Amino acid sequence: MEDLRLTERLVGTDEVKIQARGVNVYYGESHAIKDVDVDILDKTVTAFIGPSGCGKSTFLRCLNRMNDTIDNCRVTGSIRLDGQDIYDRSVDPVQLRAQVGMVFQKPNPFPKSIYDNVAYGPRIHGLARSKADLDEIVEKSLRRAALWNEAKDRLDQPGTGLSGGQQQRLCIARAIATSPEVLLMDEPCSALDPIATAQVEELIDELRANFSVVIVTHSMQQAARVSQRTAFFHLGNLVEYGETGQVFTNPRDPRTESYITGRIG
Amino acid sequence: MTLFAFALLFAATVAAYMLNRAAAASLARRGERLHSLATFHGGFAALVVLLPVFLVILLWLLFQGPVISALVMGGLPEGVLDGLGKGEVSLIAAEIQSIAAGQVFGTPEPWKLEAAERLVRLRATSGTLLVVTVAALSVVLLFLARRTVAPEFRARHGVERMVLGILVFCSTVAIFTTVGIVLSLIYESWQFFRLVPITEFLFGTNWEPQIPIRADQIAGAGAFGWLPVILGTVVITVIALAVSVPIGLFSAIYLNEFASRRMRAVVKPVLEILAGVPTVVYGFFAVLTVAPALRAAGAEFGIPISPNTALAAGSVMAIMLIPFISSFTDDALAAVPRALRDGSLALGATRGETMLKVLFPAAIPGIVGGILLAVSRAIGETMIVVMAAGLIATMTINPLDSVTTVTVQIVTLLIGDTSFDNPKTLAAFALGMMLFIVTLGINILALRIVRKYRELYD
Amino acid sequence: MADIDIAAGGWTSEASRENVRRRRRGELWLKAAGLVAITIAFAMLLTLLASLVITGFRAFTQTHVTLQVTLPPGDETPSFRAATRGAIEALFEGADEAQKREASRILSSGAQYIIESHVAANPDLIGQTFSIRVPVSDPYDQLAKGLIDRETPEALRRVSDAGIAAFDRLSEAGLISRPFNTALFVNADSRFPELAGLKGAIIGSFYALLTCFLISFPIGIGAAIYLEEFARKNRLSDFIEININNLAAVPSVVFGLLALAVFLNWFGLPRGAPFVGGLTLALMTLPTIIIATRAALKAVPPSIREAALGVGASKQQVVFHHVLPLAMPGILTGTIIGLAQALGETAPLLLIGMNAFITAAPSTPFDSATALPTQIFIWADSPERGFVSRTSAAILVLLGFLVLMNALAIYLRNRFERRW
């Protein structure tokens, strides 16, 4: 794995944004996530890697309670965002998801205009007081998602008319329009071509300045390129978690090493 | 007055929405961080007012009629109803109603006029009372709703809980309908079986329900054995299926296996048209064209054919059933996995052999399910037989004769005078219950077979 | 099996070819049977339509006679009966007595009322002579349309020799015309075929369908949303599903019994009112709408739901902002098809008394009225010959409405349905 471009990057901050302790997830009878502890840092890109079905996406979906929408799914343990237990009865998952945005594997813009796609979140959360406010939020989000220049002249055209890479950046713009603190990305590049992937990866690196980003990826190269910290999941267990450079060059656990060198996966 | 009550409710709902939304918006302007958007505060108030008051108006409207007429009938002078049967009492009630509506025939007794006057007064009082109740309740609810506006109040949750409640209610309407059908059929049939023993109904071979409603009418003595009626139903159903099943099956087989794509695109919609024609049209077609044609053909060969021959009703019903059977057969054939078909063709079987020896046998459960549903359709079909079949129940299986069916009897017994204490009227409900039970049984069986079959290849 | 020999002879051998030919002939039978079946079905449809059109098209015209009516001046309430009689008799000056006697039978008995309402609309006609076209009575309408054979012995036909002579006299004078039968659309029912129209039935059907739509559409969508998007898989939701599927297959006449027992007998709602008809039809249409709506909701891909959830929309916001609007074309298509079925439904309406003879169109949904299908049933049962063609015409009108509704549904499906 010598060709991995491992560049040492400064980790933005050591402040813990999300603290997960003893998290277990069950789908009916099956035990999908087993006793996971993890600290996700602010202003950092954290990558979850591991073989298919290892639970990395499941765990990601716990962080904004998207698992609530699955009928027979049960989550135990504690996950704290800025010290607040997100599974506490007083927490409204709807408000949580405005704080913890999500970008999905396949670009899924609403079949509405580009503007309405981005404005949807601010509208339902009442973030804009006026039309001007809303316009500003839309522009800022599209700029941050590096889509403004391509989209500014066609804001009223349907978002589904964009190319795949543009669609995914639109979805990112939509997610950051509610000004979340954490951005979850579930294999955001798996449906994109290499050029679009490079653009999105570049964007992720820029987003680090403002957000804490958690990305699930199949591609170890991608994890190495964009993340500062990496967590390796295997069969529902968190096997190893540390700085990306260390996990890739000097894994502590033999399973991590086997995966990275291609023996399991 | 009712319209006024609804207008009042509408106004109160809009007011509640505006009031609470404005209050929440002003909180937000003062810099409070609201849990829910101002529109949700408005929506919450609107629903809090709308739902209970609407329910009150609805219940009021449903029960005001029966309650008022009970009051009026209860307030009649002593003795005028003595010795009268239920039917006569309801005739008097109807007369009072029509006097109150301004239609006076002849010179009614003074106590009837008085009762009509009281009826009009009670209706006016009820209307006023309704408006007052609606106004008072709206104001109270408006006030209660207004007090909820607060930054931390979860208006969105409140709205969503109420909306969910409405959705749950919507989905239970189907249950209420079934319950309504079952209860009304059971209740009226029970009334019937108090007048006519159930054994006579189930095993009697005579059906002459045209008994007099009033003493001065001349009619038969009355007999309520349903066997000839169900026999007639069976005769017509058998004729309908004998015609429609082969036509439906063969056309589906042809369309599924041999027809070009273009032919399919033309033939399938045309067959669907047959399913979309209202049954009253088929009934008229049977009377206008098919029955005379059959009679003419019969006369040609010297065979006497009754004008209401079961053959006419049955064969026209068959036209209605063809698309039903062909589409079920087509679906069933299409559901057979391609692998089976390819396997047979790869062995060198012709397409005809593949169809007859592989696809058709594999699809039989689905086809049988479809035919069973067609049977239940045929049994429950009403208009074709009402117009084309006979009225007299005879124990015959001769398709050239006139026969009657369960649905024909239900309709003829209930058209015209109906009073709910007469075995003639109630008999229709007993027949309706039998019809419901039989078709329900066939449907459940058919749906089970079809579902099993689908699971087999899914 | 003989096939072994064929195998020995090789697959190109004559024996093998013969075998294949034999088997192909068997296949031909199956094909022929299929084609015959399809042909029969087509022939039946054609016969149905042809017999309706052949009998029905005549009802779209109505024979009229042009009269010169004179109203005496100064009389504010003239006798239209006398004026009408005078006008027709004036045409038979000098004819023989038999013809004169028949003359007044040529006119529809509604002629004097038509003149009366014409004058009511134009009061300055009093004291003048004016010409007006009035319908002829049904037997003469039949005669004019060639439905009465003049060769039949007089005793066996409905118009006498003198009547025919009288009619021919008018005809030769150029007073007989056959314009489009507007009465068919602007009049309500009547005992006289030449005056009977569908206005009451069309309005009654409209009110009934409106009621049906207003009730079944929101409730159907609500039920479908609950079952498809919110209900957990449990006993209750299973039970509701079974109920809906069974309701869809309950014979329509049973719904009529329900309406009779509950709506009319229990709640005392008015007999024969389109509102009650609509209520009954709503219960019958509900399963269709629920099933169509569920299919349309299911067709919206889950990625849209996830996207909305991901930006913090609540489950209901997801449904009402995204899923429902996207499913709307499918829902509307299903609803229109359900309403088209309801429009043709007859039996339940008969049981709640929508088959009464009513000569005025309903002004509210709570007045007694007929509906198109029940009007067809009433006319089909009427003994007057003229009602045969009017029944066919009414059916053609009903089928016209059904074609329109289905065309609208197909248009909606093609225009707005989104493929994912």
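The values are calculated or read from the model by the stated rules, or taken from the named source; none is laboratory data. Computed from a prediction, not measured in an experiment: that's the story for all the values here. FYI the Cβ positions are ideal-geometry reconstructions off the backbone, even for glycines, and counts take in every protein chain you see. Accessible surface areas use protein heavy atoms only, side chains included; no ligands, DNA or RNA. Shrake-Rupley method; radii C 1.70, N 1.55, O 1.52, S 1.80 Å.
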Point to revise | Qualifying residues in region B:334-353 (those that are farther than 19 Å from B:Tyr254 by Cα and part of a helix (DSSP H, G or I)) - the one least open to solvent (accessible area, probe 1.4 Å) | key: B:Gly343
Check your understanding: What are the residue pairs meeting all of these: first residue in region B:253-277, first residue more than 7 Å from every other protein chain (Cβ to nearest Cβ), second residue open to solvent by 40 Å² or more (accessible area, probe 1.4 Å) and part of a helix (DSSP H, G or I), Cβ atoms under 6 Å, and 6 or more apart or on different chains?
Key -> B:Leu255/B:Arg264; B:Glu257/B:Arg351
Check your understanding: In region A:1-33, how many are under 23 Å from A:Tyr259 (Cβ atoms), within 21 Å of the chain's Cα centre (by Cα) and at pLDDT 85 or above?
Key -> 6
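Yes or no, residue by residue, for (1) open to solvent by 50 Å² or more (accessible area, probe 1.4 Å); (2) without any contact (Cβ under 8 Å) to a residue 12 or more places away in the chain:
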{"residue": "B:Leu59", "(1), (2)": "yes, yes"}
{"residue": "B:Ser90", "(1), (2)": "yes, no"}
{"residue": "B:Glu95", "(1), (2)": "yes, no"}
{"residue": "B:Ser98", "(1), (2)": "no, yes"}
{"residue": "B:Gly102", "(1), (2)": "yes, yes"}
Check your understanding: Just for helices (runs of 4 or more DSSP H) wholly inside region C:76-124: which have at least 1 residues that are in contact (Cβ under 8 Å) with a residue 60 or more places away in the chain, of a type outside the set (Ser, Thr, Tyr) and open to solvent by less than 30 Å² (accessible area, probe 1.4 Å)?
Key -> C:97-106
Check your understanding: In region C:295-316, what residues are among the charged types (D, E, K, R) and within 11 Å of another protein chain (Cβ to nearest Cβ)?
Key -> C:Arg305, C:Glu306, C:Lys315
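Return yes when C:Leu297 is closer than 20 Å to C:Thr346 by Cβ and either in a helix (DSSP H, G or I) or without any contact (Cβ under 8 Å) to a residue 40 or more places away in the chain (or both) and no when it is not. Full working, then the answer.
Working: closer than 20 Å to C:Thr346 by Cβ: no; either in a helix (DSSP H, G or I) or without any contact (Cβ under 8 Å) to a residue 40 or more places away in the chain (or both): yes.
Criteria not met by C:Leu297.
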Review point. When region C:325-349 is examined, which residues are found to be more than 9 Å from every other protein chain (Cβ to nearest Cβ) and within 12 Å of C:Leu412 (Cβ to Cβ)?
Key: C:Met328, C:Pro329, C:Gly330, C:Ile331, C:Leu332, C:Thr333, C:Gly334, C:Thr335, C:Ile336
Review point. Do you know which of the residues in region C:366-396 that are part of a loop (DSSP other than H, G, I, E, B) and over 17 Å from C:Glu345 (Cβ atoms) is farthest from the other protein chains (Cβ to nearest Cβ)?
Key: C:Glu384
Practice item. Quick one: count up the residues across region A:66-81 that are at pLDDT 90 or above and either of a type in the set (D, E, K, R) or in a loop (DSSP other than H, G, I, E, B) (or both). Key: 1
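For residues that are outside any helix (DSSP H, G or I) and farther than 14 Å from C:Phe387 by Cβ, scanning just region C:44-63, find the one that is least open to solvent (accessible area, probe 1.4 Å).
Initially, region C:44-63 is screened for residues outside any helix (DSSP H, G or I), giving C:61-63.
Checking the rest, the ones that are also farther than 14 Å from C:Phe387 by Cβ come to C:61, C:63.
Values: C:Thr61: 38, C:Thr63: 1 Å².
The residue in question is C:Thr63.
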Check your understanding: Among the listed residues A:Pro180, A:Pro122, which satisfies the condition of being outside any helix (DSSP H, G or I) and closer than 24 Å to C:Arg305 by Cα?
Key -> A:Pro180
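Would you pick out the residues in region A:48-64 that are in contact with a strand residue (DSSP E or B) (Cβ under 8 Å, 6 or more places away or on another chain) and assigned to a loop (DSSP other than H, G, I, E, B)? Before you say what the answer is, go through the steps one by one.
First pass over region A:48-64, keeping only residues in contact with a strand residue (DSSP E or B) (Cβ under 8 Å, 6 or more places away or on another chain): A:48-51, A:54-64.
Within region A:48-64, A:Gly50, A:Pro51, A:Cys54, A:Gly55, A:Leu63, A:Asn64 meet the criteria.
Does region B:145-153 contain at least one residue that is part of a helix (DSSP H, G or I) and of a type outside the set (S, T, N, Q)? First the steps, then the outcome.
Of all residues in region B:145-153, those part of a helix (DSSP H, G or I) come to B:145-146.
This time we only want the ones that are of a type outside the set (S, T, N, Q), so: B:145-146.
Yes, region B:145-153 contains a residue that is part of a helix (DSSP H, G or I) and of a type outside the set (S, T, N, Q).
If the requirement is being crowded, with 21+ Cβ neighbours inside 10 Å and not aliphatic (A, V, I, L, M), which of these qualifies: A:Pro107, A:Pro158, A:Pro111?
Just a single option satisfies the conditions, and that option is A:Pro107.
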Review point. Of (1) in contact (Cβ under 8 Å) with a residue 24 or more places away in the chain; (2) over 23 Å from the mean Cα position of the chain (by Cα); (3) more than 16 Å from B:Val450 (Cβ to Cβ), B:Glu353 satisfies all except one. Which?
Key: (1)
Practice item. Report yes if some residue within region C:189-198 is farther than 27 Å from C:Glu102 by Cα, surrounded by fewer than 21 Cβ atoms within 10 Å (Cβ to Cβ) and aromatic (Phe, Trp, Tyr); otherwise report no. Key: no
**Study point:** Long-range neighbours under 6 Å by Cβ, at least six apart or interchain, first residue facing chain B (nearest Cβ under 7 Å) within region C:256-278, second open to solvent by 50 Å² or more (accessible area, probe 1.4 Å) and not polar (S, T, N, Q)
**Key:** C:Phe267/B:Leu62
Revision key, fill the gap. Flagged in region A:167-186 as open to solvent by 20 Å² or more (accessible area, probe 1.4 Å) and within 13 Å of A:Val103 (Cα to Cα), in numbering order, are A:Gln167
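Filter region A:183-221 down to the residues that are among the small types (Gly, Ala, Ser) and in a strand (DSSP E or B) and list them by number.
From region A:183-221, those among the small types (Gly, Ala, Ser) are A:190-191, A:196, A:198, A:209, A:212, A:219; that's our starting set.
Of everything in region A:183-221, just one residue is among the small types (Gly, Ala, Ser) and in a strand (DSSP E or B), namely A:Ser212.
Just the residues that are in contact with an Asp or Glu (Cβ under 9 Å, 6 or more places away or on another chain) and part of a loop (DSSP other than H, G, I, E, B), please, taken from region A:251-265. First the steps, then the outcome.
Restricting attention to region A:251-265, the residues satisfying the condition of being in contact with an Asp or Glu (Cβ under 9 Å, 6 or more places away or on another chain) are A:251-253, A:255-256, A:263.
The answer is A:Pro251, A:Arg252, A:Asp253, A:Arg263.
May I ask you to say which residue of B:Ala174, B:Ala145 is more than 7 Å from chain C (Cβ to nearest Cβ), small (Gly, Ala, Ser) and either in contact (Cβ under 8 Å) with a residue 24 or more places away in the chain or buried (at least 20 other Cβ atoms within 10 Å of the Cβ) (or both)?
B:Ala145
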Check your understanding: How many of the residues in region C:220-248 are open to solvent by 30 Å² or more (accessible area, probe 1.4 Å), at the interface with chain B (Cβ under 8 Å from one of its Cβ atoms) and over 27 Å from C:Ile304 (Cβ atoms)?
Key -> 2
Exercise for review: With the checklist (1) more than 14 Å from chain C (Cβ to nearest Cβ); (2) in a helix (DSSP H, G or I); (3) touching a residue at least 24 places away in the same chain (Cβ under 8 Å); (4) open to solvent by less than 30 Å² (accessible area, probe 1.4 Å) in hand, flag the one item B:Pro52 doesn't pass.
Suggested key: (4)
Practice item. Identify all residues within region B:95-128 that are over 33 Å from the mean Cα position of the chain (by Cα) and among the basic types (Lys, Arg); write none if there are none. Key: B:Lys112, B:Arg118, B:Arg121
